[in-house]
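Here is the structure we will look at.
Just so it is clear, none of the values below were taken in a lab; they were calculated from the coordinates. Just so it is clear, the structure is predicted and the values come from calculations on it, not from any experiment. So basically every Cβ, Gly included, is an ideal-geometry build from the backbone, and we count neighbours across all protein chains shown.
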């Protein structure tokens, strides 16, 4: 039942996102998660955005001697605005999955500050805070369980 609900939500978001993508470009980079209020594990994430698709994907892992955790992110940048000089800001809805233990599925709203140090759209440095809520996990339904995820990183745009 949980898998079917997750797949249905994912398909709806993907189908909705396709209609809004017009001038999107490739992006690939790295993000380093910061432990905040029950968010994702401290991890390194691969961040990817595909052309003509407005969703930013992230997949990450935390590997230790006795630990292994994964994080999967899917964020739709619904709002993107130029601030001043080399600074931009973005925000929008997203989903996350943390696994294997504890398994957690939830929603988030990433709010990111982008810095374009080369003055072009080739290299992006960013800082992102993402307040969110868990929907369910290993413990069953967990609403309301508020979390705060945070990360910083870089992306190359092509």
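So here's what we get for this one:
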| item | result |
| --- | --- |
| Check on residue 124, closer than 16 Å to residue 32 by Cβ, in contact (Cβ under 8 Å) with a residue 40 or more places away in the chain, surrounded by 13 or more Cβ atoms within 10 Å (Cβ to Cβ) and within 10 Å of the chain's Cα centre (by Cα) | no |
| Verdict on residue 117 being in a loop (DSSP other than H, G, I, E, B) and either free of Cβ contacts under 8 Å to residues at least 60 places away in the same chain or surrounded by 13 or more Cβ atoms within 10 Å (Cβ to Cβ) (or both) | yes |
| Residue in the range 101-114 that is touching a helix residue (DSSP H, G or I) at 6+ places or on another chain (Cβ under 7 Å), closer than 13 Å to residue 58 by Cα and surrounded by 15 or more Cβ atoms within 10 Å (Cβ to Cβ) present | no |
| Count of residues meeting criterion [surrounded by 14 or more Cβ atoms within 10 Å (Cβ to Cβ) and not in a loop (DSSP other than H, G, I, E, B)] in the range 127-155 | 20 |
| In the range 87-100, the residues that are assigned to a loop (DSSP other than H, G, I, E, B) and either surrounded by fewer than 13 Cβ atoms within 10 Å (Cβ to Cβ) or over 18 Å from the mean Cα position of the chain (by Cα) (or both) | 100 |
